[in-house]
Amino acid sequence: MEYISLFVKSIFVDNMIFAYFLGMCSYLAVSKNVKTANGLGIAVIAMLIITLPLNYLLNKFVLSPGALSWLGDKFAGVDLSFLSFILFIAVIAAFTQVVEMVVEKFLPALYSSLGIYLPLIAVNCAILGGSLFMQQREFGNIGEAAVYALGSGIGWWLAIVALAAIREKLSYSNVPAGLKGIGITFITVGLMGIAFMAFMGISL
Amino acid sequence: MNAKMKETILNPILKGNPITVLVLGICSSLAVTVELKGALVMALSVIVVCGMSSLICSLLRKTIPNRVRIIIQLVVVAMMVILVDQLLKSFEGTYPLDKQLSVYIGLIITNCIVMGRIEAFALGNKPIPSLLDGIANGVGYGLILIIVAFFRELFGSGTLFGIPVLSALGYTNNGLMILPPMALILIGCIIWVQRSIQKDLQEN
Amino acid sequence: MNTNSNVYTVIYTTVVCVLVAAILALVSSSLKPKQDANEKAETISQILTAAQFGEKSEWQAKGNAAVLDFYKQNVAQAILIDGSGKKVGELSTADATVYGKSELKAQNYNVKDGKGMKLPVYIFKNGVSVVPVYGAGLWGPVWGYIALGSDLKTISGAYFDHESETPGLGGKIKDDPAFRAQFKGKSIDFNDKAAFSIVKGGAPAGKANAIDAISGATMTSRGLDEAINVWLGAYKAYLTKNPEE
């Protein structure tokens, strides 16, 4: 039951985009049409669900204060948490390379439409942010971390597909010149954010 | 100072502003603009990280193997961010801020502005111009951050830098301003103003 | 030198990584004392705020030295007790040693197991005793300090902190002075089903050992409620044994 509530909460209440505004750059840049948005969203889900549990294990057995005690009592006092950023990002960068190779081989159409944004997933704040939040929230086991990763990824995917759908329709509207393109997108995302706040009061 | 240097410094503040024109570095700019103090610390941190990382990468640019280019950049940026974070934790005045900004300081690593400027400028230019470019982009970013934070703190809490301004006049705080979506809408408005003045930036 | 050869790439990457790790380790270890000092002052200012010696923001403005001085001048003793209420140790008041978040986290495992506990009680010269509590909120740990009067039953104040509760909702346990103010004048009642309750929908009027939960933050409120009750349970032997401290 706890897993389900964690899952639903990660999608809606703690939505990566609308609650924490992580992953904005690629979110705004790749949301011009639904097809590419869909592809990027799924890539983000894949990245989160691979890297977050891995980083959870890294955190538990290497990084947290006293985590190295499995090597021997001598290491129980070692605190490597200052290396967290670098190690998390290294894991993420490595797997971005792997995902890029897989997509290039099996989904070439998606690969060419995503262009530079596929390698940019390595610096997508949502992926690193997910790992950093995981570290802060001290999940009890890898199952919770995995559920959180899946939920966060789906939340991000949902947000980008929704925005792409709106932007496709907006291109037919009469937007003032100064606001056309990125300006109206910002305001739209802001309004969507306010709408998502409706989920904040829900207790699961 | 020759014309090229001047352009390197002035461009990122207006015409090439990383947030409003290049649409980079959005994530952190939303979360830390609730109050001016946080925005200022974040802006200064980004200026330092961006400037120093650009400088170091430019110094190393002829030695970096092409295949691991992104990884080396990430390692340099991550190192600078960790140094800034460690310094913020050490000083009394900035310690409480570091607690508040914790996840977002870590996210400077993935702040697209830093990596973006290294790729676009530092790797192809000499150290001093790269340092200036990094600093200037940090300043352009910081400028937007401070404008947004100004409005959010003033109308959301009635204070500026913690000093009661509007609240002293009996103003009731606009709670919506404190919420992140407002930052997006404010940036949208800033873009609107900027593009109405600089018509060549308008999209169609 | 061919910068794209495999050998060069591997050596370069290794050298950069080793260099960076060395720089970071050096900086981190040399700055650690300062960081620990900040953390200590933060903990003490939270204890002082709970004990009603001033507001947290005031202590933050006064600075670390003032916080430590005030604590050293006003604390009578800082003892460690075990599950049976017996004193098993002492924390140096001359050094202003206190149990920070990581020590509380470690003790939380003992509290949950019901054995091996070494829990701090900060006893001030004016008769106020402060006890910490620690537990799980919605997204991460919540912890805090409850200040008790000389009868060890009446609450004179409280302060709470959290790591990742939602700002504006669960975050209110820390940011909303009105939430904390509810604790003043309430009391702990070990004869009741729950020694202290944070009640969703509002505490019954006149009930001395209950306060209102935060609306919209049911899970955080529940987590804090549990943290308070579990830890007060661990302190029960001590608190009921010495009614006239």
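Of all GluC sites (Glu not before Pro) in segment C:48-144, which ones are in loop regions per DSSP and have a Cβ with at most 15 other Cβ atoms within 10 Å?
Within segment C:48-144, the qualifying GluC sites (Glu not before Pro) (loop, at most 15 other Cβ atoms within 10 Å) are C:55.
Quick one: helix B:127-157 against the long Cα principal axis of chain B, what's the angle to the nearest 10°, folded into 0 to 90?
Approximately 10 degrees, to the nearest ten.
Can you work out the FRET efficiency for the pair residue B:69 and residue A:107, with r the C-beta to C-beta distance and R0 = 25 Å, to the nearest 0.05?
The value I calculate is 0.50.
Tell me, which longest segment in chain C has none of the trypsin sites (Lys or Arg not before Pro) that fall in DSSP loops with at most 14 further Cβ atoms within 10 Å?
Result for the longest clean stretch: C:1-85.
Enter the angle in degrees (range 0 to 90, nearest 10) between the Cα long axis of helix C:6-50 and the first principal axis of the Cα atoms of chain C, meaning the one along which they spread out most.
Taking Cα atoms only, the helix is inclined about 20 degrees.
If you average over every viewing direction, what projected area does the convex hull of the Cα atoms of segment C:36-240 give, in nm²?
10.5
Test of understanding: given chain B, find the longest segment containing no chymotrypsin sites (Phe, Trp or Tyr not before Pro) that are in a DSSP loop and have at most 14 other Cβ atoms within 10 Å.
Here the longest run is B:1-90.
List the pairs from B:99/C:101; C:87/C:112; C:87/C:125; C:62/C:105; A:9/B:99 whose alpha-carbon separation is above 22 Å, in the order I gave them.
The pairs that break the limit, which is 22 Å between Cα atoms, are C:62/C:105; A:9/B:99.
Longer than 32 Å from Cα to Cα, which of B:4/B:89; A:74/C:174; C:172/C:236; A:32/A:60; A:180/B:126; A:74/C:34 are they? Say none if no pair is.
In this structure, B:4/B:89; A:74/C:174; A:32/A:60; A:180/B:126 exceed 32 Å between Cα atoms.
If I require 18 Å or longer along the helix axis, counting alpha carbons, and a Kyte-Doolittle average no lower than 1.0, what helices from chain A are left? Use full DSSP H segments.
A:34-58, A:84-106, A:142-170, A:182-196
Separation between the residue B:197 and residue B:128 pseudo-spin-labels, each 7 Å from Cα along Cα→Cβ, expressed in nm?
With each label placed 7 Å out from Cα toward Cβ, I get 3.1 nm.
Within segment A:74-116, which residues have the backbone N less than 15 Å from the label spot 7 Å out from residue C:102 along Cα→beta-carbon, could you tell me?
Under cut-off, by backbone N: A:75-84.
Quickly estimate the mean residue ellipticity at 222 nm for chain C, helices only: each DSSP H run with n ≥ 4 gives -39500 (n - 2.57), and the total goes over all residues, rounded to 500.
Counting only the DSSP helices, I get -14500 deg cm²/dmol.
Across peptide B:186-196, how many C-beta atoms of other chains are within 10 Å of each residue C-beta, on average?
6
Given labels modelled 7 Å from the Cα in the Cβ direction, how far is it in nm from residue B:15 to residue B:3?
The answer from the label model is 1.1 nm.
For segment A:53-184, evaluate the Debye formula with one uniform point scatterer on each Cα (no solvent term) and list log10 I(q)/I(0) at q = 0.11, 0.13, 0.19, 0.20 Å⁻¹, rounded to two decimals.
Debye output, listed in q order: -0.57, -0.73, -1.13, -1.19.
Label chain B by shape, choosing from rounded, prolate and oblate, from the square roots a ≥ b ≥ c of the eigenvalues of the Cα gyration tensor; if a/c is under 1.5 it is rounded, and otherwise prolate applies when a/b is larger than b/c, oblate when it is not.
Cα axes put chain B in the oblate bin.
Over the alpha-carbon set of segment A:12-69, divide Rg by the Kirkwood Rh and report the Rg/Rh ratio to two decimals.
Reported Rg/Rh (Cα atoms, Kirkwood Rh): 1.15.
Determine the relative contact order of segment B:35-196: mean sequence separation of Cα pairs under 8 Å and six or more apart, normalised by residue count, in whole percent.
33
Label residue C:88 and residue C:187 with points 7 Å out from Cα along Cα→Cβ: what is the distance between them in nm?
Spacing of the two 7 Å Cα→Cβ label points: 3.0 nm.
With no solvent and one equal point scatterer placed on each C-alpha of the protein assembly as shown, evaluate the Debye formula and give log10 I(q)/I(0) for q = 0.06, 0.09, 0.10 Å⁻¹, two decimals.
-0.35, -0.80, -0.98
No lab work stands behind these numbers, since they all come straight from the coordinates. Computed from a prediction, not measured in an experiment: that's the story for all the values here. Note that each Cβ is placed from the backbone with ideal geometry, even for glycine, and that neighbours are counted across all protein chains shown.
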